[in-house]
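The values are calculated or read from the model by the stated rules, or taken from the named source; none is laboratory data. On a predicted model such as this, the values are computed, not experimentally measured, just so you know. Cβ atoms come from the backbone with ideal geometry, glycine included; neighbour counts cover every protein chain shown. Surface accessibility is based on the protein's heavy atoms, side chains included, excluding ligands, DNA and RNA. Shrake-Rupley method; radii C 1.70, N 1.55, O 1.52, S 1.80 Å.
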Amino acid sequence: MCGIVGYIGNNLCKSYILKGLERLEYRGYDSAGFACLDTDTYRINHQKAEGQLINLINKLSDQAIDSHLGIGHTRWATHGKISEENAHPQLSCHKKVAVVHNGIIENHLDIRSNLEAKGHTFLSQTDSEVVAHLGEIISNKTTKDDVINIVTSLQGAYACLLMSSDCPETLIAIRKGSPLCIGLGHEQIIVASDPFAFAGQTNQVLFLPDQSFALISKNIVEVYDFSGHTLDVPISQVDITWQDDEKLGYKHIMLKEIYEQKNAIQATLSNCKQLDLTLWDQLGLTAQRVENLRSLALIGCGTSWHAGRIAQFFFEMICKVPTRVVLASEFRYAPFFHEENTLYCGISQSGETADTLECLRLLNTLDVPTMALTNVESSTMVRETGGFLLTKAGQEIAVASTKAFSTQLVALYWLAHRIALQKKYITMESMDRAHDDLLITAEILENSIEHYRIVIEEKLAPYYAQFKRFIFLGRHIGYPFAMEAALKLKEISYIFSQCYPAGELKHGPIALLDNDTPVILFSSLDERVYPKILSNAQEVKARNAHLVAFVFEGQDELQQLADCVFVFPKVHPLLAPLAMTGLMQYWVYSIANVLGCAIDKPRNLAKSVTVE
Ligand code: AGP
């Protein structure tokens, strides 16, 4: 993880780098740092601060350090505790070289002991510091061979930026695994983990290919592979905008994003509809291939995995395609059995999550069809998979995913219908009905928040914020939704939340029930499932536990059993989770708000997880 930014050009590196870091803070906010070259003394000046970027900005505010060449970093700690010594930039002996790094240098201990034996002194516990010491070979006559020398020593996945006081007109960018892109401006170049860092400054972007490096001066970018061959990398035009006023009057970005869901769903749906004629092409498929599709594998992490688990029901019930949903971090190292006519779909808001990306890369080497469902058009997954489908949630900034989740459900529900239509399992009329059902459900998602907003804010959130643990239950399509609710609560409130399939309660977890552990139960609109949910609710109440139930109109028995109920209008049974999404998120958000948690940037987390 971590966000890195580098600048070479005019004497403005501080403002460009700090602005870039602000936009990359979603990648980690354990500490931040900045270094630039003082062109009078030819020394590297640097400053670091623990905690969020604002601490670094405050430290730098009264310091007149700036220049034509600089690098910056926002950290998500992997190796070494959160401290100023472990913050980046990391420096070599005598502070000749400064490095910012995103990724993991797997053989750092070996390199470190070799360098220590040669007299190098290390000041941090990070794996990254070795790169700074290796960088000491950089001189004013630096060539690609010096960089090749450095990369040959390194194992792992990394994106690094190096600057040396001996080589004041060059910024070195190296990429293996972790993302890195170069924004080409007029007489200035900005390098960053993600093009958001320079959105608004330039839309001319050179995406550094995997296992390559660049020697960058003010006007020239030379790109080489790790064997030293020149690479002719095309310049892409990337039109992205950055919304600076992030909260727009809301107390937290997460709250704003919860309220953006209705519009995001509508935008995602109209994007899907617009694609109709070019859809299979964009997905890297053909109509024939879709008709022959025999199975699907959905791959993701966290919330995106939950969306996949819910969508499994869409694909199996609507287009009758057997579907398995795998956690990317587990799939990557499990045995692989090739199955004909299987489509592999990575689901990822960011399109950068290393676990998911590495699975897709592995699948690409096996020559099986891959696609990505993602929210970021400029992401690595879009570039590296056979095809892609976009959710149109707009920039999702809060670490806890909200609108990305609901739009993933929408896109996957729509896709399941589109495949069913292609296979002639449904008519165009059913396709249109699915579209309308999604729009109706989006209305319910938003209206239900408004309906319960005040009672949650004034009464329920303060009450539930007193509990130290919760149990979440769901069945069938409601089980992965309950997992998502439990994840959301633990992420932003740090309250211990455990989720079980409701039917499993009696097989063990029921022993956990007591007065201090509220049970949150999500009902179902499936006629076969609802009676079983009701029995599970009765089991909970028979043990005197406190029951909160998310139910649908007409489910009177369940309503009467529960200590607290949220009632929703009926929707298509497969859309029950989507209908409940907004209120579930708002209820969880409100609890975290009462507790005064850092909702948009919860402790220990980062928005985009770019290490395995
Ligand atoms: C969601 O609230 C989490 N922050 C996290 O689980 C996230 O969904 C996961 O890291 C996957 O991210 P992606 O969708 O960008 O791949």
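A few notes on this one:
- Of the strands (runs of 3 or more DSSP E) lying entirely inside segment 515-612, those containing at least 2 residues that are open to solvent by 30 Å² or more (accessible area, probe 1.4 Å) and modelled with pLDDT of 95 or more are 564-568.
- Residue under evaluation Gly386, criteria (1) within 23 Å of Val611 (Cβ to Cβ); (2) away from the ligand (no atom under 15 Å from the Cβ); (3) not aromatic (Phe, Trp, Tyr), criterion not met: (1)
- Selection from segment 84-106 of residues that are open to solvent by 20 Å² or more (accessible area, probe 1.4 Å) and touching a residue at least 24 places away in the same chain (Cβ under 8 Å): Glu84, Glu85, Leu91, Cys93, Lys95, Lys96, Ile104, Glu106
- Some residue of segment 399-421 being open to solvent by 30 Å² or more (accessible area, probe 1.4 Å) and within 16 Å of the ligand (Cβ to nearest atom): no
- Reported count of residues in segment 20-45, each being open to solvent by 10 Å² or more (accessible area, probe 1.4 Å), without any contact (Cβ under 8 Å) to a residue 60 or more places away in the chain, closer than 20 Å to Leu91 by Cβ and touching a Leu at 6+ places or on another chain (Cβ under 9 Å), is 1.
- Residue in segment 124-137 that is in contact with a helix residue (DSSP H, G or I) (Cβ under 7 Å, 6 or more places away or on another chain) and polar (S, T, N, Q) present: no
- Restricting segment 131-171 to residues that are open to solvent by less than 10 Å² (accessible area, probe 1.4 Å), part of a helix (DSSP H, G or I) and touching a Ser or Thr at 6+ places or on another chain (Cβ under 8 Å), the residue that is farthest from Glu222 (Cα to Cα): His133
- Residue match in segment 192-211 (condition: hydroxyl-bearing (Ser, Thr, Tyr) and modelled with pLDDT of 90 or more): yes
- Screening segment 434-492 for residues that are polar (S, T, N, Q) and open to solvent by 50 Å² or more (accessible area, probe 1.4 Å) and picking the one that is nearest to the chain's Cα centre (by Cα) gives Asn447.
- So Thr370, is it within 16 Å of the ligand (Cβ to nearest atom), modelled with pLDDT under 95, more than 30 Å from Leu583 (Cα to Cα) and β-branched (Val, Ile, Thr): no
- Ala287 falls short on exactly one of the conditions (1) within 14 Å of the ligand (Cβ to nearest atom); (2) surrounded by fewer than 21 Cβ atoms within 10 Å (Cβ to Cβ), and that condition is (1).
- For segment 344-359, the condition holds for at least one residue, the condition being that it is more than 22 Å from Phe481 (Cβ to Cβ), part of a loop (DSSP other than H, G, I, E, B), within 11 Å of the ligand (Cβ to nearest atom) and in contact (Cβ under 8 Å) with a residue 60 or more places away in the chain.
- Pairs, first among the hydroxyl-bearing types (Ser, Thr, Tyr) in segment 501-528, second assigned to a loop (DSSP other than H, G, I, E, B) and open to solvent by 90 Å² or more (accessible area, probe 1.4 Å), C-beta under 9 Å, six or more apart: Thr517/Lys468
- Close contacts from segment 297-311, counting a first residue that is in contact (Cβ under 8 Å) with a residue 40 or more places away in the chain and more than 7 Å from the ligand (Cβ to nearest atom) and a second that is of a type outside the set (Val, Ile, Thr) and open to solvent by 10 Å² or more (accessible area, probe 1.4 Å), with Cβ to Cβ under 6 Å and a gap of 6+ residues or different chains, come to Ala297/Arg324; Ile299/Phe331; Trp305/Leu327; His306/Met483.
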